[in-house]
1. Would you mind checking which residues have amide H under 5 Å from Y113's amide H? H placed 1.01 Å from N; only 5 or more apart, or other chain.
2. What residues have an amide H closer than 5 Å to that of K6, excluding those fewer than 5 places away on the same chain, when H is modeled at 1.01 Å from N in the peptide plane?
3. For segment 2-210, give the percent of accessible area contributed by carbon and sulfur heavy atoms, probe 1.4 Å, rounded to a whole number.
4. Count charges around I66 for me, please; just the other residues with Cβ under 12 Å from its Cβ, Lys/Arg as +1, Asp/Glu as -1.
5. Please list, or write none, the lysines whose alpha carbon is within less than 18 Å of the alpha carbon of K200, excluding same-chain residues fewer than 8 places away.
6. How much of the DSSP bridge set in the chain is antiparallel, in percent, rounded to the nearest 5?
7. Using modelled backbone amide H atoms (1.01 Å from N, in-plane), which distant-in-sequence or interchain residues come within less than 5 Å of W31's amide H?
8. Once label points are set 7 Å from the Cα along Cα→Cβ at both I176 and E25, what is their separation, rounded to one decimal in nm?
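The values are calculated or read from the model by the stated rules, or taken from the named source; none is laboratory data. What you see is a predicted model; the values in this text were computed from it and never measured. Cβ sites come from the backbone with ideal geometry, for glycine too, and all protein chains shown count toward neighbours. The area values use the complete protein model at the heavy-atom level, side chains included, leaving out ligands, DNA and RNA. Shrake-Rupley method; radii C 1.70, N 1.55, O 1.52, S 1.80 Å.
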Amino acid sequence: MRLRYKPWAKDKLNEYPQYSIQQPEQYKGRWEEVFGNDHPIHIEVGTGKGQFVTGMAKANPHINYIGIEVYESVIVSALDRIIEADLPNVKLLSVDANDLSKFFAKNDVERVYLNFSDPWPKVRHEKRRLTYQSFLKIYEDLLIDGGEIHFKTDNQGLFEYSLMSFSKYGMLLKYISLDLHQSDYEGNIMTEYEEKFSAKGQRIYRCEVKFQND
Ligand SMILES: C[S@@+](CC[C@H](N)C(=O)[O-])C[C@H]1O[C@@H](n2cnc3c(N)ncnc32)[C@H](O)[C@@H]1O
């Protein structure tokens, strides 16, 4: 973990507060002030180098995207993409997903994306999986009623675990695909990981699940 520490990354993120949101706690419940409009907000948790949020923001100008990534040394590559594309509808947050409730209030977010999340296969690391029960509670607390999680992974173990976790939480399964990779489905943005797995002909597992708010 220490190897990932690059002080210049923090400086660069601070240099571009229009894209990399500083002190995000001040915008809890007021994200329209950041974007200058009240378009729906979709977040990607574990955005890595930001290919997905940047591609989605280009394709969907009436949706606001926020990429969330714990490592500054990684998210700085997402910043480079956004600077180059000069996109007004995508922002970055360099924070740990465990802390999201400090930055988002109920109804702030319409959809959560989880793409190729780290599988953390050891049982003792279960709590780090982004589909662990405590993370589902965090997502529920920031989503609109009936908000959705869209999940895709190459990892069968993580996929099976996540389906069980969604079900245990009482979520509804809206869509599931166990097909061999088909990148051409409507609206798909391939990330670096997806391109690599797809080139190898690996299976990609996808699902969309919804919180039940009665
Ligand atoms: C395997 S990468 C996938 C990146 C991107 N979604 C993609 O498809 O290219 C997973 C990313 O999630 C980030 N991540 C893992 N746990 C996180 C957490 N608790 N909070 C924020 N980011 C996290 C990792 O640092 C890593 O960059």
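1. Under 5 Å from the amide H of Y113 lie the amide H atoms of I43, E44, V45, H150, each far enough along the sequence or on another chain.
2. When sequence neighbours closer than 5 places are left aside, the close amide H contacts are S73.
3. On the way: 5210 of 10700 Å².
On segment 2-210, the fraction of accessible area on carbon and sulfur atoms equals 49 percent.
4. Values: positive: K91, R111; negative: E44, E69, D108, E110.
Residues close to I66 contribute a combined charge of -2.
5. Partners within reach: K152.
6. Values: 12 of 31 bridges.
If we restrict to bridges inside the chain, about 40 percent are antiparallel.
7. Here nothing satisfies the definition.
8. Once both label points are built, they end up 4.1 nm from each other.
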